[in-house]
């Protein structure tokens, strides 16, 4: 049985530990704080009077110490460490230890051994990029520096400590700089990590959203029907063999869980071409008029197409897409609502923002060019190009009402335009 792996990364104070711990509890799987290992090595080194800049000595310390993740926290040779490693100073020392490539490599080997059935939620700064690059789901937690400093201040008060908020904020900024600029495994989101900005979210809301994504990812991306598999593979074969065809950014597509792919629309070739390069089962939102011909309608339905009415009925028509996303599937949508005859972007419909908000599904922007001139591409005179951008966090709360929905839809089109 293959273990389910959820990787949660992010900077200090973004809420990784409390979120990862709660999600693991909801899922009934193991939680591991990889950052605690660096804190532990730093604390053990300080206790043993080992210089934090002496990589060889730190590696020797790791080799003779047995680090284990227990439900009560990390232990070293059976000694509980949680009471010692959660201070701001311990975190700063951990950042100094983490700059050593050899130390990171040694701890990565330990971390990978911890993935066992039924699964694991591991948090850190390079889990989705280095430790588990093929994790089933990756989430990158962020928050403003000010929000993170306030949280650290509140945590310190709860522990009976007194710290200065301004000093904590400066320490966090410096730690971010070290984490982002270090040569070994710098802090950055994995290409397919779903961003989760916790600045304006309550703890309950961020845990609920992360758990929602994880539960749907556990179900897997869904299997392709034989008809869709044939069409998917045939179109991909045709494109690679007969077209001047280039695809970029497929590594930005989450492997599992709910996903909306939002693409511009310039040709009837767009749905099959975009769908052919998405490496998971995908459904398509299509105009209901296309289904009026019984034969063509049956082909569209077999090719995972979902009919949608125009105008006021469009909102009801999106229920089919909602069902797919609620089951953890992927849906391809063209936010403009119709093909652009000139290739210039049309104003997006706000329905995509409403769908993302209601189903709490991340959105990956995509741009296709050259599909209006397939004959030129077959003659190698023009290129058909598809580019996928980075995942976008769905709107949360009331999404700012209708104006908020329109703003989010415009943001999607801006992201598509930037590709």
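For the stretch 63-79, check the following and say yes or no: at least one residue is part of a helix (DSSP H, G or I) and in contact (Cβ under 8 Å) with a residue 40 or more places away in the chain. Break it down stepwise before answering.
Our first condition is that a residue be part of a helix (DSSP H, G or I); within the stretch 63-79, this holds for 63.
Now restrict to residues that are in contact (Cβ under 8 Å) with a residue 40 or more places away in the chain: 63.
There is at least one residue in the stretch 63-79 that is part of a helix (DSSP H, G or I) and in contact (Cβ under 8 Å) with a residue 40 or more places away in the chain.
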Output the residues belonging to the stretch 91-103 that are surrounded by 20 or more Cβ atoms within 10 Å (Cβ to Cβ), touching a residue at least 60 places away in the same chain (Cβ under 8 Å) and more than 22 Å from residue 169 (Cβ to Cβ). 100, 103
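Looking at residue 135, is it crowded, with 18+ Cβ neighbours inside 10 Å and out of contact with any strand residue (DSSP E or B) (no Cβ under 7 Å at 6 or more places or on another chain)? Give the steps one after another, and end with the answer.
Values: crowded, with 18+ Cβ neighbours inside 10 Å: yes; out of contact with any strand residue (DSSP E or B) (no Cβ under 7 Å at 6 or more places or on another chain): no.
It is false that residue 135 is crowded, with 18+ Cβ neighbours inside 10 Å and out of contact with any strand residue (DSSP E or B) (no Cβ under 7 Å at 6 or more places or on another chain).
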Positions within the stretch 216-249 being in a helix (DSSP H, G or I), buried (at least 16 other Cβ atoms within 10 Å of the Cβ) and touching a residue at least 60 places away in the same chain (Cβ under 8 Å), in sequence order: 216, 217, 218, 228, 231, 239
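Could you say which residue among 136, 77 is modelled with pLDDT of 85 or more and over 28 Å from the mean Cα position of the chain (by Cα)? Show your work before the answer.
Details: 136 fails: over 28 Å from the mean Cα position of the chain (by Cα).
Every option except 77 fails the conditions.
Can you confirm whether residue 272 is within 19 Å of residue 133 (Cα to Cα) and either in contact with a helix residue (DSSP H, G or I) (Cβ under 6 Å, 6 or more places away or on another chain) or crowded, with 19+ Cβ neighbours inside 10 Å (or both)?
On the way: within 19 Å of residue 133 (Cα to Cα): no; either in contact with a helix residue (DSSP H, G or I) (Cβ under 6 Å, 6 or more places away or on another chain) or crowded, with 19+ Cβ neighbours inside 10 Å (or both): yes.
Answer is no for this residue.
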When the stretch 200-214 is checked residue by residue, the ones that are surrounded by 13 or more Cβ atoms within 10 Å (Cβ to Cβ) and either touching a helix residue (DSSP H, G or I) at 6+ places or on another chain (Cβ under 7 Å) or assigned to a loop (DSSP other than H, G, I, E, B) (or both) are 201, 203, 206, 207, 210, 211, 214
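Check 178, 173 and return the single one that is within 14 Å of residue 35 (Cβ to Cβ) and touching a helix residue (DSSP H, G or I) at 6+ places or on another chain (Cβ under 8 Å). Please lay out each step first, then the result.
Details: 173 fails: within 14 Å of residue 35 (Cβ to Cβ).
Exactly one residue qualifies, and that residue is 178.
Residue-wise test of (1) in contact (Cβ under 8 Å) with a residue 60 or more places away in the chain; (2) touching a helix residue (DSSP H, G or I) at 6+ places or on another chain (Cβ under 7 Å); (3) under 14 Å from residue 195 (Cα atoms).
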{"position": "126", "(1), (2), (3)": "yes, no, no"}
{"position": "135", "(1), (2), (3)": "yes, yes, no"}
{"position": "148", "(1), (2), (3)": "yes, yes, no"}
{"position": "158", "(1), (2), (3)": "no, no, no"}
If the requirement is being touching a strand residue (DSSP E or B) at 6+ places or on another chain (Cβ under 6 Å) and at pLDDT 95 or above, which of these qualifies: 389, 370? 389
So which of 26, 31 is in the same structural domain as residue 99 (by TED's automatic domain parsing), buried (at least 19 other Cβ atoms within 10 Å of the Cβ) and modelled with pLDDT of 90 or more? 31
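The values are calculated or read from the model by the stated rules, or taken from the named source; none is laboratory data. Note that the structure is a prediction, hence the values are computed from the model and not measured. Methodologically, a virtual Cβ is constructed for each residue, glycine included, from the backbone with ideal geometry; neighbour enumeration extends over all protein chains shown.
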